[in-house]
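The next block holds one structure in the form of structure tokens; read it before the comments.
The values are calculated or read from the model by the stated rules, or taken from the named source; none is laboratory data. This one's a predicted model, so the numbers in the text were calculated from it and none came from an experiment. Here the Cβ positions follow ideal geometry from the backbone for every residue, glycine too, while neighbour counts run over all protein chains shown. In case anyone asks, the SASA skips ligands and DNA or RNA and just uses the protein heavy atoms, side chains included. Shrake-Rupley method; radii C 1.70, N 1.55, O 1.52, S 1.80 Å.
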Amino acid sequence: MRRDASFPRITLFNITALMLWMKTYLAYKFSFDIRVDSWLQELILFINPLSFLLLVLGVSLFLTEQKRKQYLFLSSFIISFILFANILFFRFFNDFLTIPVLFQTKNMSDLGGSVTELINTSDLFYFIDLLVLGIIMKIKPEKLRKSEYSNYEKKMLITASLAIATFNLGLSEIVRPQLLTRTFDRKMLVKNIGAYNYHLYDIFLQSKTSAQRAFADSSELIEIQNYIRSKQPMPDEKMFGIAKGKNVIMVSMESMQSFVINRHVYGHEITPFLNDFIQDSFYFTDFYHQTGQGKTSDSEFIVENSLYPLGRGAVFFTHSQNEYHATPEIMKSHGYYTASLHANNKSFWNRDIMYQSFGYERFFNINDYEVNPENSVNWGLKDKPFFHQSIQHLLNMPQPFYAKLITLTNHFPFTLSPEDQTIPAYHSSSDTLNKYFPTVRYLDQALEQFIGELKTSGLYEKSIIILYGDHYGISENHNDAMSEYLGRPVTPFVSLQLQRVPLIIHIPGVKGRKISNVSGQIQVRPTIMDLIGIRGKETIEFGNSLFAENNDGLTVLRDGSFIGKDYAYTRESCYQRKSGELTDRRNCEPFIEKAKQELEYSDKIIYGDLLRFYKEIENRR
Ligand code: GP9
Ligand code: MN
């Protein structure tokens with residue numbers, strides 16, 4: 001192999017790559033509002049355009065000199081165009097382009113009218129490199145000419161771009177574990193894998209989705225509908241319509257698990273307010289979260305569709321274009337105003353897009369809140385000011401309304417301002433568990449303040465209030481510390497029980513009681529419909545009302561674990577529910593199949609976008 005002494009010499013390829021690289025980085029810094037918290041993140045941001053640019057522009061090395069010039073100019077033009085389209089889109093939507101968004105006529109027409117207003121003269125900067133490239137090509141300086149690249153140079157280039165890509169992904173994995181499988185905020189994706197790789201990933205998601213959708217037909221939905229009809233219980237006539245015409249206020253309590261309810265840390269009650277509140281509410285003691293990788297967004301999905309989330313990825317990202325018959329849409333058709341309130345970027349978890357599919361009329365996001373360093377901690381606006389500011393939004397809504405509020409402070413890593421810490425942290429080997437208790441207490445106080453403000457504003461008596469925990473806060477990585485706190489070893493069975501989250505339903509004028517049937521998030525939607533008095537299934541749902549008679553009592557978690565009346569199953573083992581002792585696997589067998597079947601049916605609906613056939617099969621009946 002001959003080593004080429006002139007490598008890396010200045011060539012048209014190098015110049016094109018360098019200019020595009022720097023331009024992209026400057027766009028990150030000046031046109032996209034990407035927050036960088038550490039030098040490591042800055043490094044990732046800096047190198048992330050490189051692997052893509054080297055690979056795409058590197059194709060030119062395999063071309064003849066004339067073709068190479070054309071190729072470099074054309075790809076430079078296309079890449080610049082994509083970057084600039086994102087810059088404009090970002091100015092308007094504070095978000096990055098996705099393929100579905102390109103086909104969303106509503107978004108695009110919003111943008112279309114104001115494109116001219118969005119362009120500044122300083123944007124010319126983003127085209128300077130093309131101009132420079134054009135000039136170079138015109139004057140053809142002898143120094144930059146290179147008739148052919150050696151095999152060594154070609155190999156070097158491919159190796160370099162792959163090495164940079166691997167290095168980039170490795171660093172991102174350190175900074176943000178499970179980046180691709182969790183697919184959260186697009187800003188997070190762009191920050192880590194870069195604007196161009198992000199588009200490749202988006203294309204990948206899109207083609208996968210389209211293929212699965214293309215092969216689906218309505219017969220699949222009929223089969224699922226028959227299955228669901230066969231397990232439909234009778235509603236409890238005493239509860240049906242008990243809250244007719246009332247507002248529905250639903251609160252998603254970030255990372256709130258049931259094990260803190262009625263418990264202490266060093267003699268301090270952890271949730272004094274909730275412990276009181278459950279006394280005059282319905283409190284479900286054996287209620288489980290059923291979320292997967294989509295965490296909060298999965299819980300929203302389950303609670304508002306009565307479908308399971310997906311086994312991998314977040315359905316909010318992967319299937320936001322599906323047809324759904326979510327709670328907001330149904331409530332709206334029954335005269336309700338619908339809104340979600342959450343003081344985060346609207347694109348986080350792709351909420352802005354998914355909420356449209358759910359039929360929300362309004363999403364009060366970070367732009368609708370007064371957020372400053374004084375009232376923020378951890379992930380953003382603290383829960384107390386969030387609730388306080390939300391009251392005004394609620395009061396401005398036409399009634400009856402259906403409103404969902406999503407809290408944020410009790411989020412990993414459970415950082416709290418010292419003045420908000422009213423109970424001591426726990427002392428154990430896990431800092432996470434230690435800090436969890438004071439932030440849970442903060443959430444408890446925030447809820448107390450919220451309920452108080454609902455009372456003074458007059459909304460309390462006119463609303464049913466539903467509080468639920470979205471998913472676990474303490475993962476199994478903290479089992480040692482957890483068993484220290486609980487005073488018993490965390491076996492797989494105990495781990496399963498730790499997936500319980502609180503569900504509290506308050507209905508004005510109704511005393512409520514403790515309900516200990518096994519239940520899950522999938523039942524929240526049918527329960528709301530039951531209480532509001534919306535009769536009959538208007539769509540496909542896997543859950544039953546929590547107040548329905550002969551509730552079949554099988555709660556399936558996303559990983560295939562389940563909790564039944566007598567047995568529970570997790571990690572391939574069957575347990576006696578009462579004692580938590582291991583038992584013969586055969587006791588669980590009939591339910592293992594059932595649980596799998598149910599998850600598969602739900603997946604089929606999402607992957608095949610089957611709800612789009614719903615009207616068709618209903619009309620045929
Ligand atoms: C972000 C919040 C937290 O908006 O809902 O999401 P999580 O990380 O818990 O899924
Ligand atoms: Mn959450």
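Report those helices (runs of 4 or more DSSP H) wholly inside region 509-621 carrying at least 2 residues which are among the acidic types (Asp, Glu).
589-608, 614-620
Within region 114-161, being aromatic (Phe, Trp, Tyr) and either part of a loop (DSSP other than H, G, I, E, B) or loosely packed, with under 14 Cβ neighbours inside 10 Å (or both) holds for Tyr149, Tyr152. Scanning region 285-329 for residues that are among the aromatic types (Phe, Trp, Tyr), within 16 Å of ligand 1 (Cβ to nearest atom) and under 14 Å from Ser602 (Cα atoms) turns up just one, Phe301.
For region 289-349, the helices (runs of 4 or more DSSP H) that sit wholly inside it and include 1 or more residues that are within 16 Å of ligand 2 (Cβ to nearest atom) are 295-305, 315-318. Could you list all residues from region 242-257 that are open to solvent by 10 Å² or more (accessible area, probe 1.4 Å) and within 32 Å of the chain's Cα centre (by Cα)? Hits for region 242-257 are Lys244, Gly245, Lys246.
Here's the yes/no breakdown for (1) touching a Phe, Trp or Tyr at 6+ places or on another chain (Cβ under 6 Å); (2) within 16 Å of ligand 1 (Cβ to nearest atom):
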residue	(1), (2)
Ser428	no, no
Asn434	yes, no
Gly458	no, no
Ile464	no, no
Asp470	no, yes
Gly487	no, no
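Residues in region 438-477 that are within 22 Å of the chain's Cα centre (by Cα), more than 16 Å from ligand 2 (Cβ to nearest atom) and either assigned to a loop (DSSP other than H, G, I, E, B) or buried (at least 23 other Cβ atoms within 10 Å of the Cβ) (or both): Ile466 alone. For region 553-571, state whether one or more residues are open to solvent by 60 Å² or more (accessible area, probe 1.4 Å) and in contact with a Lys or Arg (Cβ under 8 Å, 6 or more places away or on another chain). Taking every residue of region 553-571 in turn, at least one turns out to be open to solvent by 60 Å² or more (accessible area, probe 1.4 Å) and in contact with a Lys or Arg (Cβ under 8 Å, 6 or more places away or on another chain). Inclusion of Pro309 among residues that are touching a strand residue (DSSP E or B) at 6+ places or on another chain (Cβ under 7 Å) and either crowded, with 19+ Cβ neighbours inside 10 Å or aromatic (Phe, Trp, Tyr) (or both) is not warranted. Of all residues being in a loop (DSSP other than H, G, I, E, B) and among the polar types (S, T, N, Q) in region 421-437, which is nearest to the chain's Cα centre (by Cα)? Just the residue, please. Per the criteria, the residue is Ser430.
Just a yes or no: is a residue in region 382-402 within 16 Å of ligand 2 (Cβ to nearest atom), open to solvent by less than 10 Å² (accessible area, probe 1.4 Å) and in the same structural domain as Ala595 (by TED's automatic domain parsing)? Yes, because at least one residue in region 382-402 is within 16 Å of ligand 2 (Cβ to nearest atom), open to solvent by less than 10 Å² (accessible area, probe 1.4 Å) and in the same structural domain as Ala595 (by TED's automatic domain parsing).
If we scan region 223-235, do we find a residue that is at positive phi and open to solvent by 10 Å² or more (accessible area, probe 1.4 Å)? No - not one qualifying residue is present in region 223-235. Report, by residue number, each residue of region 13-37 that is open to solvent by 50 Å² or more (accessible area, probe 1.4 Å) and under 31 Å from the mean Cα position of the chain (by Cα). Listed by number, the residues that qualify are Leu26, Lys29, Phe30, Asp33, Arg35, Asp37. When the residues of region 416-464 are filtered to those that are touching a Pro at 6+ places or on another chain (Cβ under 7 Å) and acidic (Asp, Glu), the one that is nearest to Gly487 (Cα to Cα) is Asp444.
For region 507-550, taking the residues that are under 17 Å from Ser230 (Cα atoms) and among the β-branched types (Val, Ile, Thr), the one that is surrounded by the fewest Cβ atoms within 10 Å (Cβ to Cβ) is identified as Thr539.
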